[in-house]
Amino acid sequence: MLKNSCRLALKEMNHWMMPEKAKTSLTTFPSSAEIVSEPLGVVLVISAWNYPFLLSLDPVVGAISAGNAIVLKPSEMAPASSSLLAKLVADYLDSSCIKVVEGAVPETSALLEQKWDKILYTGNGRVARIVMAAAAKHLTPVVLELGGKSPVIVDSDINLKVATRRIIVGKWGCNNGQACISPDYIITTKDYATKLVDSFKCELERFYGKDPLESKDLSRIVNSNHFDRLSKLMDEEKVSSKIVHGGQRNEQNLQIAPTIFLDVPVNSLIMKEEIFGPLLPIITVDNVEHSFDLIHSSGGKPLAAYLFTNNKKLKRKFVETVSAGGLIVNDTAVHLAIHSLPFGGVGESGMGSYHGKFSFDAFSHKKAVLYRGFAGDAFLRYPPYTPGKLTLLQAFLSGSIVGIIRALLRWFWA
């Protein structure tokens with residue numbers, strides 16, 4: 001995906017940079033106008049640990065194509081990747097324009113004290129508030145790529161095997177649930193839940209074997225702090241009895257198997273915070289359309305939301321009523337790979353977007369330019385302002401041809 005971003009920028013950059021023609025009005029006739037993209041200046045990119053190359057360098061591709069100088073701060077939670085990024089950027093990119101700063105909280109805090117022309121941060125809402133508060137001191141605009149509890153609505157009129165596989169690869173195939181667009185919980189009907197669980201059991205064993213902790217296709221948990229956090233979600237008294245599949249753990253190796261819960265209470269810890277791990281609760285409702293009420297009652301707007309159905313009315317209602325950074329019908333996570341779609345959140349899941357041309361735009365200022373000559377200098381603009389002049393001026397500003405003709409006729413017959 002990162003290579004694709006580079007190739008796209010190389011192919012399209014000249015087109016992206018071209019001034020965009022804009023329409024003018026009678027108010028400024030004769031004239032022409034255009035929108036010119038210019039670099040913002042010096043930008044800061046603070047990236048995350050879960051995709052340390054993609055989430056570091058994909059925004060940098062957009063910032064470079066827009067003509068900015070960049071400081072990149074990789075996540076200290078992926079120290080090997082951070083160190084390699086610092087080495088590779090220094091070896092292969094223009095060090096007068098692009099720098100990597102490694103470190104943890106002190107270094108990030110020191111960077112945030114500086115004045116930047118834009119900051120792009122990928123991570124969680126708690127740190128995002130710190131970033132935004134620091135940016136506000138300098139009136140610096142921000143792009144915040146956060147997360148949230150991304151729901152999956154599963155209807156009954158579907159190809160269950162295909163749906164199950166696509167949920168599995170979006171959940172456990174993407175860093176074992178450690179991804180911002182990972183399915184966070186499933187909503188389905190009471191009547192369909194058992195079939196769905198049985199399908200998950202069958203496909204998970206097919207993909208990861210009878211003992212998933214032995215699988216080479218499942219990521220580990222990033223560190224002991226996150227392992228303990230996930231264990232706390234699993235071990236809550238009102239949740240631990242709801243496990244219907246998985247639950248195996250190896251603390252020494254930081255491994256947690258794909259774990260499915262059925263009918264966890266909506267007031268449990270696992271339903272109150274973004275899981276960001278291999279745990280998948282299933283919530284049941286009487287009617288699939290009640291899923292929308294459940295999503296709305298959560299109060300947040302997730303980074304992604306997913307629906308599996310063949311019902312056209314349900315698809316339309318999903319698109320019209322669910323507010324999220326992105327929506328997918330009958331798949332999960334793959335919208336991330338479509339460069340013609342903006343990737344970003346809304347509300348608690350973030351602000352601003354990037355990918356493809358949206359990355360170029362995120363790091364550009366759109367400058368309005370109007371060109372005029374010395375002909376067509378309207379006397380209406382200048383004092384003294386008689387009633388007739390004001391009538392004509394109002395007509396010209398409205399842009400109405402009929403209004404202008406009427407005003408001219410009144411002027412002529414006055």
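The values are calculated or read from the model by the stated rules, or taken from the named source; none is laboratory data. This one's a predicted model, so the numbers in the text were calculated from it and none came from an experiment. When we count neighbours, we look across all protein chains shown, and the Cβ atoms used for this are built from the backbone with ideal geometry, even at glycine. Areas reflect the complete protein model, heavy atoms only, side chains present, ligands, DNA and RNA absent. Shrake-Rupley method; radii C 1.70, N 1.55, O 1.52, S 1.80 Å.
Compute the FRET efficiency between L393 and K21 as 1/(1 + (r/R0)^6), taking r as their Cβ-Cβ distance and R0 = 41 Å, and round to the nearest 0.05.
Approximately 0.90, to the nearest 0.05.
Per residue, what accessible area does region 151-344 have, given a 1.4 Å probe and all protein chains present, in Å²?
In whole numbers, region 151-344 has 45 Å² accessible per residue.
Mind checking Rg over Rh on region 151-344, alpha carbons, Kirkwood formula for Rh?
My calculation puts Rg/Rh at 0.94.
Based on DSSP H runs of at least 4 residues, each adding -39500 (n - 2.57), what is the mean residue ellipticity at 222 nm of the chain after dividing by all its residues, to the nearest 500 deg cm²/dmol?
-11500 deg cm²/dmol, from helical runs alone.
Assuming R0 = 51 Å, what is the FRET efficiency of A80 and N287, from their Cβ-Cβ distance, to the nearest 0.05? Write out the running numbers ahead of the final one.
Details: r = 49 Å, r/R0 = 0.96.
Computed FRET efficiency for A80 and N287: 0.55.
Quick one: what are the phi-derived ³J(HN,Hα) couplings along region 142-149, Karplus 6.51/-1.76/1.60 with θ = phi - 60°, whole Hz, x for glycine and proline?
Karplus-based 3J(HN,Hα) across region 142-149 equals 10, 10, 10, 9, 10, x, x, 8 Hz.
How much of the accessible area of the chain, in percent, comes from carbon and sulfur atoms when a 1.4 Å probe is used?
The value for the chain is 58 percent carbon and sulfur by accessible area.
Rounded to the nearest 10 Å², what accessible area does K366 show when all protein chains are kept and the probe is 1.4 Å?
Rounded to the nearest 10, that gives 80 Å².
Quick query: amide H of F261 versus all other amide H atoms, modeled in the peptide plane; which residues come in under 5 Å with a sequence gap of 5 or more or a different chain?
Long-range HN contacts for F261: V244, L280, I282.
Ignoring ligands and nucleic acids, what accessible area does W116 show with a 1.4 Å probe (Å², nearest 10)?
20 Å²
Any chance you could run the full-extension gain for I130 through R316? It's 0.36 nm times the residue separation minus the Cα-Cα distance, nm to one decimal. Don't skip to the end; give the middle numbers.
Working: separation 186, 0.36 × 186 = 66.96 nm, distance 3.76 nm.
Going from the current span to full extension adds 63.2 nm.
Under the Karplus relation 6.51 cos²θ - 1.76 cosθ + 1.60, θ = phi - 60°, what is the ordered set of whole-Hz ³J(HN,Hα) values for region 237-247, x standing for Gly and Pro?
Taking θ as phi minus 60°, the curve returns 3, 7, 10, 4, 7, 9, 6, 10, 7, x, x Hz for region 237-247.
At what distance in nm do the modelled label points of K232 and S297 sit from each other, each positioned 7 Å from its Cα along Cα→Cβ?
Between K232 and S297, the label points sit 2.6 nm apart.
Tell me the label-point distance for the pair S31, L254, using the 7 Å Cα-to-Cβ offset, in nm and rounded to one decimal.
In this crude spin-label approximation the distance works out to 5.9 nm.
Output ³J(HN,Hα) for region 364-370: one whole-Hz value per residue in order, computed from phi by the Karplus curve 6.51 cos²θ - 1.76 cosθ + 1.60 with θ = phi - 60°, and x for Gly and Pro.
10, 9, 8, 8, 7, 10, 10
Taking H placed 1.01 Å from N in the peptide plane, check which residues at least 5 places from H365 or on another chain put their amide H under 5 Å from its amide H.
It is E38, L40, by chain and number.
What percent of all Cα-Cα pairs in region 297-406 falls in each 5 Å bin, counting up from 0?
Percent of Cα pairs in each bin: 2, 9, 12, 12, 11, 6, 5, 6, 9, 11, 9, 5, 2, 0.
Separation of region 79-96 and region 140-157 by C-alpha centroid, Å?
So the two Cα centres are separated by 31 Å.
Which order do you get for H355, H296, H15, H226 if you rank them by accessible area with a 1.4 Å probe, largest at the top?
H15, H296, H226, H355
Averaged over all directions, how much area does the convex hull of the C-alpha atoms of the chain cover when projected, in nm²? List each step's numbers first, then the result.
Values: hull surface 109.0 nm².
Reported value for the Cα convex hull: 27.3 nm².
Could you tell me the accessible area of D286 in Å² (1.4 Å probe, neighbours in place), rounded to the nearest ten?
120 Å²
Test of the criteria: in region 183-233, which trypsin sites (Lys or Arg not before Pro) are in a DSSP loop and have at most 12 other Cβ atoms within 10 angstrom of their Cβ?
Sites meeting the loop and neighbour criteria: K210, K216.
Take the Cβ-Cβ distance between N223 and K367 as r, set R0 to 51 Å, and report the resulting FRET efficiency rounded to the nearest 0.05.
Using R0 = 51 Å, I get an efficiency of 0.70.
Can you tell which of A179, N311, P212 lies farthest toward the positive end of the dipole of region 151-344, using +1 and -1 charges on the Cβ of basic and acidic side chains (Lys, Arg; Asp, Glu)?
N311
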